[in-house]
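> Sharing a structure below in structure tokens format, with a few things to ask.
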Amino acid sequence: MPGELPELVLPGDYLGAAEEYLPGRGTYEHGGRIYACLLGKPAVDPRDRTIRVDPKNSVPEVDEGNLVYARVEELKTAMAICEILATSTSRRTVPGKPEGTVHISKVKEGYTESWNGELAVGDIVLAKVLQGRPSVKLTTAPPTLGVVAARCQVCHALVNLQANPPTCPRCGHQERRKLAKGPHPLSPGAHDRAAA
């Protein structure tokens, strides 16, 4: 492909000759010519002249070090079982409804005797992936991680997590949770910013 690469290519767009480039991720070769096989931005690795297409709408993956949003589905004695909903960097849901676990020792810094006052079934947590494979292990221990949305354990209304202590606006029940401190996409004001 002579000159500069375009900002965006479509599946089937010609990228260059096979004698000029090696086909990379997001491309295919046919008849000595390299084509895009997905919508995205083309790029060339100058080290080996491999041409690739980085997807515009990539499928979110759960990898070690990622921050994810997860819903607490079940609390066992030493383990919270969560459904991973999305990564913190993507608006798309994670396909396949992967399951992740938070060990009770990873819910907060220091010793935790029980889940009472830390997490509850139905809570949405912002967590860090400690291990992505073969099973997903999560932590909410750092101060910036923890519960970002919770339902009242009495009437199931959304709890106002900004109140001190967090309080249900419907029935007045006060809740305790290991809250994520600091701004995040689900914090109050983020909805206002998103709607603006």
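Every number here is computed from the coordinates shown, using simple stated rules; none is lab data. Bear in mind the structure is a predicted one, so any value in this text is a computation, not a measurement. All Cβ positions, glycine included, derive from the backbone under ideal geometry; neighbour counts span all protein chains shown.
> Taking N as the number of residues in the stretch 14-55, what value does Rg over Cα atoms divided by 2.2 N^0.38 Å take?
0.99
> Have a look at ILE34, THR93, SER114 and report the one farthest towards the positive end of the charge dipole of the chain, computed about the Cα centre with Cβ charges (Lys/Arg +1, Asp/Glu -1).
Farthest along the dipole direction, towards plus: SER114.
> If one puts a single equal scatterer on every Cα of the stretch 1-100 and applies the Debye formula without solvent, what log₁₀ I(q)/I(0) results at q = 0.12, 0.17, 0.19, 0.21 Å⁻¹?
-0.55, -0.78, -0.86, -0.96
> Against the globular-protein guess of 2.2 N^0.38 Å, express the Cα radius of gyration of the chain as a ratio, rounded to two decimals. Working shown, then result.
On the way: Rg = 22.4 Å, N = 196, 2.2 N^0.38 = 16.3 Å.
Compactness ratio reported: 1.37.
> Spelling out what I want: for every residue of the stretch 15-30, take phi, set θ = phi - 60°, compute 6.51 cos²θ - 1.76 cosθ + 1.60 (Karplus), and round to whole Hz; glycine and proline get x.
Result, ordered by residue: 10, x, 7, 5, 7, 9, 10, 9, x, x, 4, x, 9, 8, 10, 8 Hz.
> Okay, next question. Would you list, by chain and number, the aspartates and glutamates whose Cα falls below 18 Å from the Cα of LYS128, excluding same-chain residues fewer than 8 positions away?
Qualifying aspartates and glutamates at Cα under 18 Å: GLU61, ASP63, GLU64, GLU73, GLU83, GLU99, GLU109, GLU118.
> Quick one: which residues, 5+ away or cross-chain, put their amide H under 5 Å from the amide H of ALA157? H built at 1.01 Å from N.
When sequence neighbours closer than 5 places are left aside, the close amide H contacts are CYS152.
> For the residue pair THR144 and ASP63, what label-to-label distance in nm results when each label sits 7 Å from Cα along the Cα-to-beta-carbon direction?
That separation, rounded to one decimal, is 1.9 nm.
> Let me ask something else about it. Suppose we take every Cα in the stretch 49-106 and form the convex hull; what volume per residue is that in Å³?
Hull volume normalised by residue count: 101 Å³.
> Got a sec to turn the phi values of the stretch 67-82 into Karplus ³J(HN,Hα) couplings, 6.51 cos²θ - 1.76 cosθ + 1.60 with θ = phi - 60°, whole Hz, x for Gly and Pro?
My calculation for the stretch 67-82 gives 9, 9, 9, 9, 9, 6, 9, 7, 10, 9, 3, 10, 9, 9, 9, 10 Hz in order.
> In the stretch 4-20, whose amide N lies under 15 Å from the spot 7 Å out along Cα-to-Cβ of ASP45? List them in ranges.
Within reach of a label on ASP45, which here means backbone N under 15 Å from a point 7 Å along Cα→Cβ, the stretch 4-20 contributes nothing.
> Then there is this: Which is farthest toward the positive dipole end of the stretch 59-148 among GLY65, ILE81, LEU138, measuring Cα position about the Cα centre, with Cβ charges +1 (Lys, Arg) and -1 (Asp, Glu)?
Projecting each Cα onto the dipole axis, the largest value belongs to GLY65.
> Can you compute the modelled spin-label distance between ASN116 and LEU158, with each label point 7 Å from Cα toward Cβ, in nm?
2.9
> To one decimal place, what orientation-averaged projected area in nm² is obtained for the convex hull of the Cα set of the stretch 59-148? Please report the intermediate quantities before stating the final value.
Details: hull surface 21.5 nm².
Projected over every direction and averaged, the Cα hull of the stretch 59-148 covers 5.4 nm².
> Semi-axes of the equivalent ellipsoid of the stretch 111-154: what are they in whole Å, largest first, if each equals the square root of 5 times a C-alpha gyration tensor eigenvalue?
Here the semi-axes work out to 21, 12, 11 Å.
> Rg(Cα) of the stretch 96-173 divided by 2.2 N^0.38 Å?
Here the Cα radius of gyration is 1.19 times the empirical estimate.
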